[in-house]
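Everything below concerns the one structure shown next.
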Amino acid sequence: MSESNGDDQRTTSQAQVTSIQETPVTSTEEALKKGHTARARSASDRTKAACRHAGVEADPAEVIAVPTAAASKAANAVRLSADAIAALAEGAPDPAADARHARNAAAAAVLAAQVAQSRSEDELSDAAYHSALKASQAAGKAAGREGMGRSRVLNAEADTAEAAAVAAAKTAGWM
């Protein structure tokens, strides 16, 4: 009887483990990845919109080591932004790496905002550029040593700064 009871306990235990393994649970890392990805996509959209507004054709296949012309800067910004989005789509969630990709997309948006600002030179464009810069800095802080992509406070600040950058780009007529 004790052998039978032992077999029942193993079977129950194995069933519980199988049930736990099959239960879809969104992990903290997956939730963080979604947030970083959303922020990166938003920054990428701002990059493309700023380039369109500036009337700069941006061919992401055009790679220039040290871009000086507006078109080259825009092309590099679009390419960097696309690279960040592609990197986020690959692999398992890694909050630190995912936050760095979001930071890279935000930095690319600053390059495009700089091109758009230089073409418009008005207060709304200046505000959009400065908002893009603040969003990039906040994304950098969230990805930095202190946050490593996991800090709720720093991620929230980056999300808020990204939303402000989108609003400023819309107000400037870039989006």
| helices (runs of 4 or more DSSP H) completely within segment 1-90 that count 2 or more residues being at pLDDT below 85 and closer than 24 Å to Ala102 by Cβ | 70-89
| field | Residue list for segment 131-175, restricted to those being of a type in the set (Lys, Arg) and in a helix (DSSP H, G or I) | value | Lys134, Lys141, Arg152, Lys170
| task | Specify the residue that is surrounded by the fewest Cβ atoms within 10 Å (Cβ to Cβ); the eligible residues are those in segment 115-148 that are within 18 Å of Ser81 (Cα to Cα) and of a type in the set (S, T, N, Q). | result | Gln137
| query | With (1) of a type outside the set (Val, Ile, Thr); (2) farther than 15 Å from Ala54 by Cα; (3) surrounded by 24 or more Cβ atoms within 10 Å (Cβ to Cβ) as the list, and Ala112 as the residue in question, which single condition is left unmet? | reply | (2)
| Residue satisfying condition, being in contact (Cβ under 8 Å) with a residue 12 or more places away in the chain and of a type in the set (Asp, Glu), within set Glu146, Glu57, Glu121 | Glu57
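The values are calculated or read from the model by the stated rules, or taken from the named source; none is laboratory data. Predicted model, so just to flag it, every value in this text is computed and none were measured. Every residue, glycine among them, receives a Cβ derived from its backbone with ideal geometry; neighbour counts consider all protein chains shown.
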